[in-house]
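This report refers to the structure that appears directly beneath it.
The values are calculated or read from the model by the stated rules, or taken from the named source; none is laboratory data. Note that this is a predicted model, so its numbers are computed, not measured. All Cβ positions, glycine included, derive from the backbone under ideal geometry; neighbour counts span all protein chains shown.
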Amino acid sequence: MLFSEDRLVRRDASYGSIEVICGSMFSGKTEELIRQIRRAQLAKQGVEIFKPAIDIRYQEEAIVSHDGNHIPSTSVDSSSAILLLCSGTKVVGIDEAQFFDEELPDVCNQLANNGVRVIAAGLDMDFKGRPFGPVPALMALAEHVTKVHAVCVCCGAPATYSYRIIEEKNQLLLGQKESYEPRCRACFYQGRKT
């Protein structure tokens, strides 16, 4: 137990935590997730990493950053499958959280309440600048939220938006530099006007 000036603060080791790494495309979300997972592996903590089955851009059996760094992972069709596959795990990594179903926050809560450290990375906004999938709800539940920034390709300012550069109206579009570019608020909304 820790004591502060006027109150008693209780820390219970049986509880885990939820951490969210969010930001735009090309901001380093997956890179940071891989870094955190590797640190947990160095500490000899039991680690499992998951990604949505629809993400087949690089490798089916690994999460891969745009810089080419990778780490083995398991593809799952639904967030509930994560609960079934992580028995005895101390750290769970989740990449591309925006592509999971709306049950992901509940799954992460269950894991954290059972003593698991959950680290989820994903886009917080879609290509229209709107909250994306289960990530905003996950951010609300998280003990720690890290918002990483890319560099705006138009002006060099910190970029928080993923600007879609091809004509496609569907919200879900797996893509890379041929489909998206990072932009700051001003350049994102200027581009949406044209």
Would you call residue 156 within 30 Å of residue 14 (Cα to Cα), assigned to a loop (DSSP other than H, G, I, E, B), modelled with pLDDT of 95 or more and not hydrophobic (A, V, I, L, M, F, W, C)? no
Residue by residue through region 69-89, note down the ones that are of a type outside the set (Ser, Thr, Tyr), buried (at least 16 other Cβ atoms within 10 Å of the Cβ) and within 24 Å of residue 28 (Cα to Cα). 71, 76, 82
Filtering region 161-194 down to residues that are in contact with a helix residue (DSSP H, G or I) (Cβ under 7 Å, 6 or more places away or on another chain) and hydroxyl-bearing (Ser, Thr, Tyr), which residue is modelled with the highest pLDDT? 161
Residues (assigned to a loop (DSSP other than H, G, I, E, B) and within 13 Å of the chain's Cα centre (by Cα)) located in region 127-147: 132, 133, 134, 142
Looking at region 33-52 only, could you name the residues that are farther than 13 Å from residue 94 by Cβ and either buried (at least 23 other Cβ atoms within 10 Å of the Cβ) or in contact with a strand residue (DSSP E or B) (Cβ under 6 Å, 6 or more places away or on another chain) (or both)? 40, 41, 45
